[in-house]
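Student: Pasting a structure below so you can have a look.
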Amino acid sequence: MSAFSDLDASANVGGLLAYLDDTDRSLAGIKAYVAALATQYAKGELVLDLGCGVGHDLRRLASAGTCPVGLDVSAHALGRARAVGAPVVCGDGGRLPFASNAFTGCRVERVLQHVADPSRVLDEVIRVVRPSGFIAVFEPDHTTFRVDSDLVPDGTLPGRFISVRHPRIGTDVAELLRTRACTVVDIVTETSFGSRLDALPFDAARLTQRGVETGALDAHLRAAWLEEQQARVRSGGFRASWTKILTVARRDPATAPMG
């Protein structure tokens, strides 16, 4: 499992929180889109930020004129999020501590890939969002992760060893929402590119070592691949890419609260 499945239990809490700060900048375009969406649907009304982390998007939602409420399972993250000034709650996305129809909208960003049951979380989101309210879910599809290589021409090393619970959830979200009587109104895909081995969303050396330890990767190929990628970094020829998907839906007025 990814360290973000239980951030507070990680030996590198500070590093994970710093990663949230870094991605707040790198994902600013999508985050601004969702904030603008919240203004359109929910100006002056309650919007839930499920998995609010350290609170960057609570601040965006407040600046957009909504009344944000944050929820996260990590006490460490919420310790920083409280400084934003918006209400925050420590809780589980699969058992939201809110009344049905309490919110005009909900944003979920890079959460479902880590949880035990994404369907259960979406059921809860639909329950707490009022009829015709918006749901915005932004998740990666890790099966698209590629690193250019002459040794592994299909580019799937090290992505084949990514250990999040639901690696292709970004692609699956739209269908999960449709089957819950939500109307998908927009899907936006964003491709990220990496130009340094140490600036990827995953530690390539650690991932490939996992492959060696499980017997799925030859140790000599791993060493040669890492040497190749370090040479590509030095020459400016390193290239990595992965896709993230924003799915925007509206809760159908006829949808009965679930849970």
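Student: Below 8 Å, C-alpha to C-alpha, sequence gap of six or more: please give me the relative contact order for segment 40-112 in percent.
Tutor: This gives 39 percent for segment 40-112.
Student: Still on this structure, please answer the following. How would HIS114, HIS166 line up from fewest to most surrounding beta-carbon atoms within 10 angstrom?
Tutor: Sorted ascending by nearby Cβ count, the order is HIS166, HIS114.
Student: What are the semi-axes of the equivalent ellipsoid for segment 119-258, taken as the square roots of 5 times the Cα gyration tensor eigenvalues, largest first, in whole Å?
Tutor: The equivalent ellipsoid of segment 119-258 has semi-axes of 39, 16, 10 Å.
Student: For the chain, what does the helix formula give at 222 nm: sum of -39500 (n - 2.57) over DSSP H segments with n ≥ 4, over the residue count, nearest 500 deg cm²/dmol?
Tutor: Values: 8 runs with 92 residues, N = 259.
Estimated from H runs of four or more residues: -11000 deg cm²/dmol.
Student: Shifting gears a bit: Expressed in nm to one decimal, what extension gain is obtained for the pair ASP186 and ARG95 from 0.36 nm per residue of sequence separation less their Cα-Cα distance?
Tutor: Result: 30.1 nm gained on full extension.
Student: So which trypsin sites (Lys or Arg not before Pro) in segment 33-134 end up in coil per DSSP with only 13 or fewer other C-beta atoms within 10 Å?
Tutor: Within segment 33-134, the qualifying trypsin sites (Lys or Arg not before Pro) (loop, at most 13 other Cβ atoms within 10 Å) are LYS43, ARG95.
Student: Here's something else I'd like to know. Would you mind getting me the FRET efficiency between ASP148 and CYS67? Use the beta-carbon distance for r and R0 = 45 Å, nearest 0.05.
Tutor: Efficiency, rounded to the nearest 0.05: 0.50.
Student: Tell me, what ³J(HN,Hα) does each residue in segment 130-145 have, in order and in whole Hz, if you take phi through Karplus 6.51 cos²θ - 1.76 cosθ + 1.60 with θ = phi - 60° and put x for Gly and Pro?
Tutor: Taking θ as phi minus 60°, the curve returns 5, x, 6, x, 9, 10, 10, 10, 10, 9, x, 10, 5, 5, 8, 5 Hz for segment 130-145.
Student: Report the relative contact order of the chain, percent, no decimals, based on alpha-carbon pairs under 8 angstrom and at least 6 residues apart.
Tutor: So the answer I get is 19 percent.
Student: Then there's this: How much net charge surrounds ARG239 when only other residues with a Cβ under 15 Å from its Cβ are counted (Lys, Arg +1; Asp, Glu -1)?
Tutor: -1
Student: A follow-up question, please. What's the exposure ranking of ASP203, ASP198, ASP252, ASP141, going from fewest to most Cβ atoms within 10 Å? Show your work: numbers first, answer last.
Tutor: On the way: ASP203 13, ASP198 10, ASP252 16, ASP141 20.
Fewest-to-most Cβ neighbours within 10 Å comes out as ASP198, ASP203, ASP252, ASP141.
Student: Per residue of segment 43-54, what does 6.51 cos²θ - 1.76 cosθ + 1.60 with θ = phi - 60° give for ³J(HN,Hα)? Whole Hz please, x for Gly and Pro, Karplus curve as stated.
Tutor: Values per residue, Gly and Pro as x: 4, x, 10, 6, 10, 8, 9, 7, x, 6, x, 8 Hz.
Student: A further question follows. Could you put SER63, SER149, SER241 in order, starting from the residue whose Cβ has the fewest other Cβ atoms within 10 Å?
Tutor: Working: SER63 11, SER149 19, SER241 14.
Fewest-to-most Cβ neighbours within 10 Å comes out as SER63, SER241, SER149.
Student: Follow-up question, since we're still on this one. What Kirkwood hydrodynamic radius do you get for segment 3-251 when you take the inverse of the mean 1/r over all pairs of distinct Cα atoms, in Å?
Tutor: Working: mean 1/r = 0.0527 Å⁻¹.
Roughly 19.0 Å, rounded to one decimal.
Student: Turning to a different aspect of this structure: Assuming 0.36 nm per residue, please report the length gained on full extension of the stretch ALA32 to ASP198 beyond their Cα-Cα distance.
Tutor: 57.1 nm
Student: Can you work out the FRET efficiency for the pair SER163 and GLU45, with r the C-beta to C-beta distance and R0 = 35 Å, to the nearest 0.05?
Tutor: For R0 = 35 Å, the calculated efficiency reads 0.35.
A short reminder: the numbers here are calculations on the coordinates, not readings from a lab. All values reported here derive from a predicted model rather than from experimental measurement. When we count neighbours, we look across all protein chains shown, and the Cβ atoms used for this are built from the backbone with ideal geometry, even at glycine.
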